[in-house]
Amino acid sequence: MLDAAQDTYRRAGGRPLIELGAVAKVWGGGGAALQAIDLAVAEGEFLCLCGPSGCGKTTVLNLIAGLETATTGEVRVAGQAVAGAGPDRTVMFQEHALFPWLTVADNVAFPLEVAGVPRAERDRRVEAMLRTVHLWRYRGHHPHEVSGGMRQRAALARCLVGRPAILLMDEPFAALDAQTRDLLHAELERLWLGTRTTVVFVTHNVREAVRLGDRVVVMGTRPGRVKRVLDVDLPRPRGANDRDVTLLAAVVERELKIEIEKVIREELDDAWTPAASDLPRDPARGLGGGI
Ligand SMILES: Nc1ncnc2c1ncn2[C@@H]1O[C@H](COP(=O)(O)OP(=O)(O)OP(=O)(O)O)[C@@H](O)[C@H]1O
Ligand SMILES: [Mg+2]
């Protein structure tokens, strides 16, 4: 069942850490979110998932995180079937999800505290992490006292402080302005080059996907499926405005545009069309016929 997944892994090179084999997800009401997804992510790989809204990107992350279960098919991490959440996988969302009542340092320390890491070791790791993401000066601030970019850096630090094997990121920088996003891309790339944590990164922004990913998976919708996988064989560190990033982003954009236009067409077809009897008799008097 995992042959097709193994195939995408072989193209990535390296040992597969995450494998999705013929994974389908059907919701209670009968709506299919995903249909027969085959995908493998190599250990240490940075994989980006792009696709129109509703194609199942978050569902894929949740399946890997163990927050959802597949209706059929297999989801494996390090060769083991995923049977729930675990400390080897952390998820970072668009909203920073920091605790507002804790300082930046205490937020970053939180997962270590939960894991029972002794105080001295915890302090050492939090300091190292905060220095890495350039937040040491702001360790005593609360989330509302720092910028949106700093909050996302603190959230990233909190995700990485427990040294997970896998970092799952769901549009983590979507709410940031372009300049802050560029800085965070550089920061994330630097951190990733240092740790080689396996990353699955969801985004609507194709330039972001090409700027960050070793591969970009373009998903299609209704039902969600893998439409195309592109290798991003460009040197690092990269910039969002590098010529080759721009050229490859244009290719991905074309793929995505076709899918998005398909969704919009289908949504227009689904839209309610009023019957003649539902319309006001005298349009000049507006809806409700003069009430
Ligand atoms: N808990 C749920 N119950 C029922 N349907 C759901 C549930 N979660 C998601 N869906 C549906 O599954 C499909 C895929 O959702 P998902 O959130 O994975 O898409 P997405 O690609 O992440 O979208 P977006 O880009 O808007 O975040 C959608 O049609 C969504 O409405
Ligand atoms: Mg989503």
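FYI, it's all coordinate maths here, none of it is from the lab. Because the structure is predicted, anything quoted here is derived from the model rather than measured. So basically every Cβ, Gly included, is an ideal-geometry build from the backbone, and we count neighbours across all protein chains shown.
Going from the residue with the fewest nearby Cβ atoms within 10 Å to the one with the most, D177, D170 rank D177, D170. Near A109: Cβ cut-off under 12 Å, other residues only, Lys/Arg at +1 and Asp/Glu at -1. The net charge is +1.
Near L49, the amide H atoms lying under 5 Å from its own belong to F201, V202, T203, V217; only residues 5 or more places off or on other chains count, and H is placed 1.01 Å from N.
Computed extension length for R190-R265: 22.9 nm, one decimal, from 0.36 nm per residue of separation with the Cα-Cα distance subtracted.
Helix 3-12 axis versus longest C-alpha principal axis of the chain: approximately 60°, rounded to the nearest ten. Between helix 104-114 and the chain there is an angle of about 80 degrees, using the helix long axis and the longest principal axis of the Cα atoms. Where in the range 88-110 does the label zone of H144 land, with the point 7 angstrom along Cα→C-beta and an amide N cut-off under 12 Å? Only 100-102 pass the distance filter. Kirkwood hydrodynamic radius of the range 55-153, from the reciprocal of the average inverse Cα-Cα distance over all distinct pairs: 15.5 Å. Helix 148-160 axis versus longest C-alpha principal axis of the chain: approximately 60°, rounded to the nearest ten. Quick one: how many lysine pairs does the chain have with C-alpha atoms less than 15 Å apart and a gap of 8 or more or different chains? Give me the count, please. Step by step, the pairs that qualify in the chain add up to 4.
Go ahead and run the numbers for FRET between L183 and R119, Cβ-Cβ distance against an R0 of 25 Å, rounding to 0.05. Approximately 0.20, to the nearest 0.05.
Dividing the summed -39500 (n - 2.57) terms of all DSSP H runs of n ≥ 4 by the residue count of the chain sets its mean residue ellipticity at 222 nm at -12000 deg cm²/dmol. Counting neighbouring beta carbons within 10 Å and listing from fewest to most, the residues M129, M150 come out as M150, M129. Among L268, L248, L20, L102, the ranking by other beta carbons within 10 Å of each residue's beta carbon, starting with the fewest, stands as L268, L102, L248, L20.
Size of the chain: Rg and Dmax of its alpha carbons, in Å, are 21.8, 77. A Förster radius of 25 Å, combined with the Cβ-Cβ distance separating L67 from A32, puts the computed FRET efficiency at roughly 0.85.
Give me the net charge of R211's neighbourhood, meaning all other residues with Cβ under 14 Å from the Cβ of R211; Lys, Arg count +1, Asp, Glu -1. Value of the local net charge: -2.
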